Each structure stands twice: as structure tokens, then as C-alpha cells.
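Undergrad: Just dropping this structure here.
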Amino acid sequence: MSSYVGVHVSDQWLQSQFMQVELRSLKSKFISIKNQNGKVTVGDLPPVMIKLEAFNSMFNVEEITGILDGLHADLSNEIEFEDFLKAYLNLQGRATAKSGASKQSSSFLKATTTTLLHTISESEKASYVAHINSYLGDDPFLKQFLPIDPATNDLFNLAKDGVLLCKLINVAVPGTIDERAINTKRFLNPWERNENHTLCLNSAKAIGCTVVNIGTQDLVEGRPHLLLGLISQIIKIQLLADLSLKKTPQLVELVDDNNDVEELMGLAPEKVLLKWMNFHLKKAGYEKPVLNFSSDLKDGKAYAYLLNVLAPEHCSPSTLDTKDPKERAKLVLDHAERMDCKRYLKPEDIVEGSPNLNLAFVAQIFHQ
């Protein structure tokens, strides 16, 4: 990753509208036109744009030509890469308007805050900020910047130097990074910052994160959707770290014989967590199996049964009696708080079926 430089454009706003993987793809298409014709004109764009997945189901070539003709005085005018990007954004905005729905770029995030291309979840952001404040609040270097206010962009600004991400990786999997290798000055030069991000991406990959669409330049720019995606993966690895027979031998109670033990050893941590949850739900008399961390938990009933069997001393009969799912979710969280589970999600997150936050919540219950 140390040789990664990324695609740069002079207009910073324009740069901010794209992920590096998108810029590399569009740059490649722009260069291919130039190689064929010696230059790129407005009139060269419609046949290229119509082949892009974002537009091929929304427009035909004539419509794209008409749109570009309205933006430029002459289709024979030569354009540069930035003009190509502006044309792409214009078409994308029209495609969004035509479909009547905003584009969802990140499958693991639900939309509450929207940019032109990407969405982030404010609930997830607040949850991850609370986690970071809790686990890194006493760090000798980071404590001068913490606690982070989830209502601001301080999380993304602080992550730009790479220190926060490296420290978070070491919380998730202690000893992954030799902390002496992290540049921790108050003000870093571009080379020191790049070293931190290269160290972060290589280490994140080593502990099991997917980083194929993220480059050091994306982290330097503090791209919110990419940072939240990476932070989500790191925290998930931390929360699921003990979900193995090696770390938690007591999990053997989930199976009946040696063949089942072998099967359990081969399951992903998320599957082990679901198996653990269903084991206790069955003991509690809950008949419906929980197969995911989203739709199967929306009504809060599974949580109520789970907490009642794990901590009956904190049980509230009204949790199952209430008819309102949101009120039930609130009572579930009150119960969990009495068990000293950190309250990183809101009743709305349960009712809306946020998979990341529900998984984190069940993992916290498991740890308790």
C-alpha cells in the first residue's frame, strides 16, 4: 500500500464527491477515450456514459446527448478530466431525480445524513464514538482529543492523522501494531501521516478487515462513509473476539456431541453469537428462531426473553406485556443497563432493525 497515490483533481469539492475507487475507474474510461481519439470532446461522452451501470437503465444515448448539449455550447468542444467528472455528477443527479430515490452507496449503512453520493448513519456514528470514548479515553496521546462529540465531525477530523485508527486496531486485537511505529506528534507532515495510514490499512487487513476499496488518500481526506465502514469492522472484530471455543470453552454447552463441536469450531463468530442467542431463547421458551440481527429483532420480543433468562433479577413483566415495539425496545435497553451493558443504541435502532448496532448489542450482552 505504500506506493498508493490515488487520483487527484484540483477542485477539492469535486474530489470530495468520489471515492478513490470511483475516481480510478472513471479516470481509466476517460484515458481510454483519449487514447482512441487523441482528445476527448463532449460528443464522445454519450456512448461511454450509457455503458455505466448508474445510467444504462435510466437513459438512452439520445437523452444523454440532449442533456450534455444543454450543458455545453458545442459538442465538439474538447474537455478535461474534471469536466468529465462534472458531466458524470450532473447525469447522476438527474438519474436520482428520475428514479425518485437517493442513491445508496454503502450497503452496511442506513441513511440519515446524505451527501451527493454517499450516506452515513448518525446512530452508528454515535455508537462508534461512544465506543472510542470508552476504550481510548485514557490513551496517553488521544486523551487530549477525547471525548469526541458525536454531533460534530470531530471523529473524521481526528482520524485523518491515522493515530486513532491504529490505536483502535490495538484495542480490537492487542499487540497487532508496535505503538512505537505510530507517528504521534500533534502536527504530522504528509509523509508521517501516510506512514500511519499505510500501517493502519496493512494492520486492518491482517486482523480480518476488508480494505480493498480504501486507500491512504481516502483516510487522509477523512471520507466519512469509508471511515465509518472501517471503524465498524474493527469494532466488530473486537466485540466478537471471544466467540470461539478457544477463548470461551463454556460455549461447548451449545452442542450435544463431537461432530457438533467440530461444526461449532468452523462457524463464523456472528453465527456462533446467533447460536448462543437461540440456545438461551429456547431455554426461555421463545419458539421462533432468530436468524439475523435485523428483522428478527425488530419487535424486541427476542431481547425481552433473552434478558429475562440471563438476568431474571432485573426482569420487568411489563416488557412483554406492552404492545408498542418502541416502548418494548426502551424497556429492553433499561433492563440491559441494569446489567451494566453499555448503552450504545437507541430504541429506534432496534425497531428499525439496524444490523450493525444489534450485533454489537447482542455481543455486549454475551460479554456480560
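The values are calculated or read from the model by the stated rules, or taken from the named source; none is laboratory data. Not measured: the values here are computed from a predicted model. Please note: Cβ atoms are built from the backbone with ideal geometry, for glycine as well, and neighbour counts cover all protein chains shown. Just so you know, the surface numbers come from the protein's heavy atoms only, side chains and all, with ligands and any DNA or RNA stripped out. Shrake-Rupley method; radii C 1.70, N 1.55, O 1.52, S 1.80 Å.
Undergrad: Report ³J(HN,Hα) in whole Hz for each residue of segment 321-333, in order, from the Karplus equation J = 6.51 cos²θ - 1.76 cosθ + 1.60 where θ = phi - 60°; Gly and Pro get x.
TA: 6, 5, 8, 8, x, 5, 5, 4, 4, 5, 5, 4, 5
Undergrad: Taking the Cβ of SER32 as the center, what net charge do the other residues with Cβ under 12 Å away carry, scoring Lys and Arg +1 and Asp and Glu -1?
TA: Here the charged neighbours net out to +3.
Undergrad: Here's a follow-up. ARG186 accessible area, nearest 10 Å², 1.4 Å probe?
TA: 140
Undergrad: Just list whichever of LYS34/LYS160; LYS125/LYS298; LYS125/LYS326; LYS29/LYS205 have alpha carbons separated by over 25 Å in the model shown.
TA: LYS34/LYS160; LYS29/LYS205
Undergrad: If you don't mind, another one. In terms of solvent-accessible area of protein heavy atoms at a 1.4 angstrom probe, what is the ranking of ARG223, ARG193, ARG94, ARG180, highest value first?
TA: Greatest to least solvent exposure: ARG180, ARG94, ARG193, ARG223.
Undergrad: Please give, to one decimal in nm, the separation of the simple spin-label points placed at LYS51 and ASP321, each 7 Å out from Cα toward the Cβ.
TA: The answer from the label model is 6.7 nm.
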